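Asks: What follows is a single structure, and I will ask about it in a moment.
The values are calculated or read from the model by the stated rules, or taken from the named source; none is laboratory data. Please read these numbers as outputs of a predicted model, since none were measured by experiment. Here the Cβ positions follow ideal geometry from the backbone for every residue, glycine too, while neighbour counts run over all protein chains shown.
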Amino acid sequence: MKGDFVVCPACGTRNKPKWEFCARCGESLQGLPIGEPAPVEAVLDDAEDTAAPGAVPWITGLGVFAFGALAVAMWGWSQKQAAAARPDPSVFTLPTMPASAPPPRPGVIEPGRDAFDEGRRLLMKGDTAGAIPLLAQAVADAPQNGTYRSVYAKALLASGSTDDALRQFEAALRLSPESVGVLSDAARALDRAGQPAEAARLYDAVLTQQPDNEQALRDLSGLHERNDHFDKALPLVRRLVEARPEDLVLRQELGHVLEKTGDVKGAAEAYERVLAERPDAHVTRGLLAEIHFTQGEKDQAIAIMRDGVTSDAQAPLPHRGLGSLLERTGQYAEAAKEYREYARLAPAAADAKQLEDRADRIERRLAAANPTPPGT
């Protein structure tokens, strides 16, 4: 029937009257009259709306900042069950539809299910090119399915289509604002796209729902560490250590974050606890020795590294660390010896040749400063 459609006020796409959100961009369709003229001339038919590669990007106007705030705001709405308002040109508003499409009736095949299952299978195998058209078809067949959009977005992200992926994630968040999976995937996409503040908001929304979600704790703490926000990372790493006290890698990370926040004593204690259980944790040993060295406790730092060499003479790292400490304290002959031993034990290491050359230079300087008397 002519005029049997509703036009999206944001992108001009024609949608079925029963739909509450636009199949292309996820904009609310509530309260719009049937048959309203589209603001754009080219309108795709229902089956093509979502899959179109040239669809209008959602990152306009309010920009990406609003995207991060959107998911958090919608999650808070779903918790409070507040009534949603019509969109305002300057803010994202909250959906009034359920968090996701209702499950199909028993015996009824869910629209787009076959295409989605096959597309997801190909994506898991690494066949992104093969997965994308199938997932696009699934989204076109079931445009209000947030899970379909989220997986489609992951495939687009893997193919390098970052803007299209973010647009699909935004729509998925509108449809499934409480989905931890959608929130987490969207957060990773934003982080990968270089938008850490927006990604952090989504991770916070996940942790509000699931405070013990270890993957979210790891992802968010790593995000803060990469951006030098160690004060924000610290409570997250502490929670991870509390959840996995036996994980020595996490304990070493805790020491590193403590050190970066200025808690040198706490960092040293964290490193010492690791070494008490694993004396062969050579990276941790080096970090602990450096703390003592920078605090002016040079003899103690050297002793810590000598213990590493004594306990595991075939491990290269203690020799390199000891050589560095010895050179910085003026014990050049011993330092050259340790550098050579490191190069012997790790000949394929990226710095093996560099340290061997350094040992040569040290020995030449020593020989020039202490020439051998004639006739000896």
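Asks: Identify all residues within segment 215-232 that are of a type outside the set (Ser, Thr, Tyr) and under 13 Å from the mean Cα position of the chain (by Cα); write none if there are none.
Replies: Hits for segment 215-232 are Gln215, Ala216, Leu217, Arg218, Asp219, Leu220, Gly222, Leu223, His224, Glu225, Arg226, Asn227.
The rows are residues; the columns are (1) buried (at least 16 other Cβ atoms within 10 Å of the Cβ); (2) hydrophobic (A, V, I, L, M, F, W, C); (3) farther than 26 Å from Leu258 by Cβ; (4) within 36 Å of the chain's Cα centre (by Cα).
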| residue | (1), (2), (3), (4) |
| --- | --- |
| Glu297 | no, no, no, no |
| Ala301 | yes, yes, no, yes |
| Asp307 | yes, no, no, no |
| Gly321 | yes, no, no, yes |
| Arg328 | no, no, no, no |
| Glu338 | yes, no, yes, no |
| Arg344 | no, no, yes, no |
| Ala349 | no, yes, yes, yes |
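Asks: Taking only pairs six or more apart or across chains, which ones have beta-carbon atoms under 7 Å, a first residue in segment 267-278 that is β-branched (Val, Ile, Thr), and a second residue that is surrounded by 14 or more Cβ atoms within 10 Å (Cβ to Cβ) and assigned to a helix (DSSP H, G or I)?
Replies: Val274/Leu248; Val274/Arg251; Val274/Gln252; Val274/Thr284
Asks: Is there any pair linking a residue in segment 323-344 that is more than 15 Å from Arg364 (Cβ to Cβ) and touching a residue at least 12 places away in the same chain (Cβ under 8 Å) to one that is of a type in the set (Phe, Trp, Tyr) and part of a helix (DSSP H, G or I), with Cβ under 8 Å and at least six apart or on different chains, and which?
Replies: Close Cβ pairs (under 8 Å, with a partner that is of a type in the set (Phe, Trp, Tyr) and part of a helix (DSSP H, G or I)) amount to Gly323/Tyr339; Gly323/Tyr342; Leu325/Phe293; Leu326/Tyr332; Arg328/Phe293.
Asks: For segment 124-148, what are the residues that are touching a residue at least 60 places away in the same chain (Cβ under 8 Å) and either among the charged types (D, E, K, R) or surrounded by fewer than 19 Cβ atoms within 10 Å (Cβ to Cβ) (or both)?
Replies: Pro133, Asp141
Asks: Out of Asp228, Asp280, Asp212, Asp247, report the one residue that is closer than 30 Å to Gly330 by Cβ and among the acidic types (Asp, Glu).
Replies: Answer to the selection: Asp280.
Asks: Filter segment 236-295 down to residues that are small (Gly, Ala, Ser) and over 26 Å from the mean Cα position of the chain (by Cα) and give me whichever is surrounded by the fewest Cβ atoms within 10 Å (Cβ to Cβ).
Replies: Step by step, filter segment 236-295, then rank; the result is Ala276.
Asks: Which one of Asp141, Asp114, Asp127 is acidic (Asp, Glu), in contact with a Gly (Cβ under 8 Å, 6 or more places away or on another chain) and at pLDDT 55 or above?
Replies: Asp141
Asks: Moving on to the next point. Looking at Asp228 and the list (1) surrounded by fewer than 16 Cβ atoms within 10 Å (Cβ to Cβ); (2) at negative phi; (3) of a type in the set (Asp, Glu), which single condition is not satisfied?
Replies: (2)
Asks: Any idea which of Ala276, Ala281, Ala270 is within 22 Å of Leu254 (Cβ to Cβ), among the hydrophobic types (A, V, I, L, M, F, W, C) and touching a Gly at 6+ places or on another chain (Cβ under 6 Å)?
Replies: Ala270
Asks: Hey, does segment 360-375 have a residue that's at positive phi and either modelled with pLDDT under 95 or outside any helix (DSSP H, G or I) (or both)?
Replies: Yes, some residue in segment 360-375 is at positive phi and either modelled with pLDDT under 95 or outside any helix (DSSP H, G or I) (or both).
Asks: Looking only at helices (runs of 4 or more DSSP H) that lie completely in segment 276-345, which have at least 3 residues being touching a Pro at 6+ places or on another chain (Cβ under 7 Å) and hydroxyl-bearing (Ser, Thr, Tyr)?
Replies: none
Asks: Give the number of residues within segment 134-180 that are acidic (Asp, Glu), in a helix (DSSP H, G or I) and closer than 20 Å to Tyr203 by Cβ.
Replies: Selection size over segment 134-180: 1.
Asks: State yes or no: is Glu334 among the acidic types (Asp, Glu) and either under 38 Å from the mean Cα position of the chain (by Cα) or under 27 Å from Ala276 (Cα atoms) (or both)?
Replies: Criteria not met by Glu334.
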